[in-house]
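The values are calculated or read from the model by the stated rules, or taken from the named source; none is laboratory data. Note that the coordinates shown come from a computational prediction; the quantities given were computed from them, not determined experimentally. Quick reminder, even Gly has a Cβ in these numbers, built from the backbone with ideal geometry, and neighbours come from all protein chains shown. For accessibility, only protein heavy atoms count, side chains too; no ligands or nucleic acids. Shrake-Rupley method; radii C 1.70, N 1.55, O 1.52, S 1.80 Å.
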Amino acid sequence: MASESAANPAHLLLVDDDRLILATLSRGLQDVGYRVSCAESAEEAQELLTSGLRPDLALLDVRLPGADGLSLAQRLCELDHIPFVMLSAYSDEATVQRAANLGALGYLVKPLDTASIRPTLEAALQRAREQTQLRHHRDQLQTALHNDRDINVAIGITMVQYRLTRQAAFDMLRAAARSQRRKLAALAQDVIQTSESVLQGNKDEAF
């Protein structure tokens, strides 16, 4: 079986302009339990992504008509955060290095068969899950830091406005948040916005 549960198998996006390879590899991957979406060009793949497709891993042929696979890989990396593996009939060092620089989780050289590439795909999917978790943790940390900053600014505003100690100002904000059944960070943002509006109004009156 492919990674993930049988009820929720890993979803692969396969992009190759060779219809025979596309059909054969797609069928082989489905036979071992993956869900597979196919595209014959970078443009077709982008249309699928624009429509909301979010695969767990993309398999991209390096040489495609129109925009090449490496250009598509760059888009996946920068805009969609979708992990990818490159496919090619060639393994020249420059192409491999460029793929690695773009963040490729693997580089498979044709001809391909399902049995031989499964270990690479499974390793890539595992790394992709780890990257997603790291990104999620980073986003959570960034949100926490942003919220802490807002709370500290709101405490300072409250200290000045009511001539309170830091602890008293914090207790006042926390009590207000509890009484309004709101998160302290959300209340802090309102305090900051109100203070900024008052300051802007004072500036306008001064002119």
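Of the set (1) open to solvent by 40 Å² or more (accessible area, probe 1.4 Å); (2) under 30 Å from I82 (Cβ atoms), all apply to L121 but (1). Cβ-Cβ distance below 8 Å, separation of 6 or more or different chains: which pairs start in segment 164-184 with a residue that is closer than 12 Å to I151 by Cα and at pLDDT below 90 and end on one that is part of a helix (DSSP H, G or I) and basic (K, R)? Hits for this filter: L184/R174. In summary, no strands (runs of 3 or more DSSP E) completely within segment 54-109 bear 3 or more residues that are within 17 Å of A42 (Cβ to Cβ), at pLDDT 90 or above and within 15 Å of the chain's Cα centre (by Cα).
The set of residues from segment 27-53 being under 19 Å from L125 (Cα atoms), under 18 Å from the mean Cα position of the chain (by Cα) and surrounded by fewer than 19 Cβ atoms within 10 Å (Cβ to Cβ) comprises just one member, L53.
Only one entry in I157, I82 is within 23 Å of R27 (Cβ to Cβ) and buried (at least 16 other Cβ atoms within 10 Å of the Cβ), namely I82.
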